[in-house]
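The values are calculated or read from the model by the stated rules, or taken from the named source; none is laboratory data. From a predicted model like this one, the values you see are computed outputs, not experimental measurements. A quick note on method: Cβ atoms are made from the backbone with ideal geometry, for glycine too, and the neighbour counts reach across all protein chains shown.
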Amino acid sequence: MSRIIAIDYGRKRCGVAVTDPLQIIANGLPTVPTHNLMDFIKDYCSQENVEMIIVGEPRQMDGSPSESARYIEPFLKRLSREMPEMRVIRRDERFTSVIAHREMLAAGFSKSQRREKGRADEMSAVLILTEYLQNR
């Protein structure tokens, strides 16, 4: 089988998660600066068999796109242009940051560890991917 990648897209950095080849478990990868994300994805896909990419879709409480959604669109257009064969789907990412912070508290992360912004982004990507795996 092949892997699935999930991205929690941010203006400065992106959380990235990936499944194992059997698509059972989601694991976080190192947070990637946004300006390096395309190169990271292309490099990863050249080394691993990747079936699809899931991109978190920021939404308001009423379900409408949030203001930050406009920053994701240029990346998605570039992704479809540079990797036209790759299946890309969007998933609602409401509450992933809140849940990530709660999970860090529950896991006993220190205050300084919780302040590491990349850690929450990574966990948000894992949550997006885990939700997809549970609901497919």
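In table form, for the structure just shown:
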{"read-out": "G15 vs. criteria under 13 Å from the mean Cα position of the chain (by Cα) and assigned to a loop (DSSP other than H, G, I, E, B)", "value": "no"}
{"read-out": "Unique match (being of a type outside the set (K, R) and assigned to a helix (DSSP H, G or I)) among E51, E85, E73, E67", "value": "E73"}
{"read-out": "Neighbours by Cβ (under 7 Å, 6+ apart or cross-chain): first from segment 124-136, under 13 Å from N27 (Cα atoms); second part of a helix (DSSP H, G or I)", "value": "S124/T96; S124/S97; S124/A100; L127/T96; L127/I99; L127/A100; I128/T96"}
{"read-out": "Number of positions in segment 28-40 that are surrounded by 12 or more Cβ atoms within 10 Å (Cβ to Cβ), of a type outside the set (F, W, Y) and under 17 Å from S124 (Cβ atoms)", "value": "7"}
{"read-out": "Residues being crowded, with 22+ Cβ neighbours inside 10 Å and not hydrophobic (A, V, I, L, M, F, W, C) - total across segment 1-27", "value": "5"}
{"read-out": "Residue check for D43: within 21 Å of V126 (Cβ to Cβ) and loosely packed, with under 12 Cβ neighbours inside 10 Å", "value": "yes"}
{"read-out": "Any hit, segment 108-121, residues being at pLDDT below 75, over 17 Å from A6 (Cα atoms), charged (D, E, K, R) and assigned to a loop (DSSP other than H, G, I, E, B)", "value": "yes"}
{"read-out": "Flag for L105 being part of a helix (DSSP H, G or I) and modelled with pLDDT of 75 or more", "value": "no"}
{"read-out": "Yes/no for A100 being closer than 16 Å to R119 by Cα, of a type in the set (G, A, S), modelled with pLDDT of 95 or more and surrounded by 14 or more Cβ atoms within 10 Å (Cβ to Cβ)", "value": "no"}
{"read-out": "Any hit, segment 26-37, residues being among the β-branched types (V, I, T), assigned to a strand (DSSP E or B) and touching a residue at least 40 places away in the same chain (Cβ under 8 Å)", "value": "yes"}
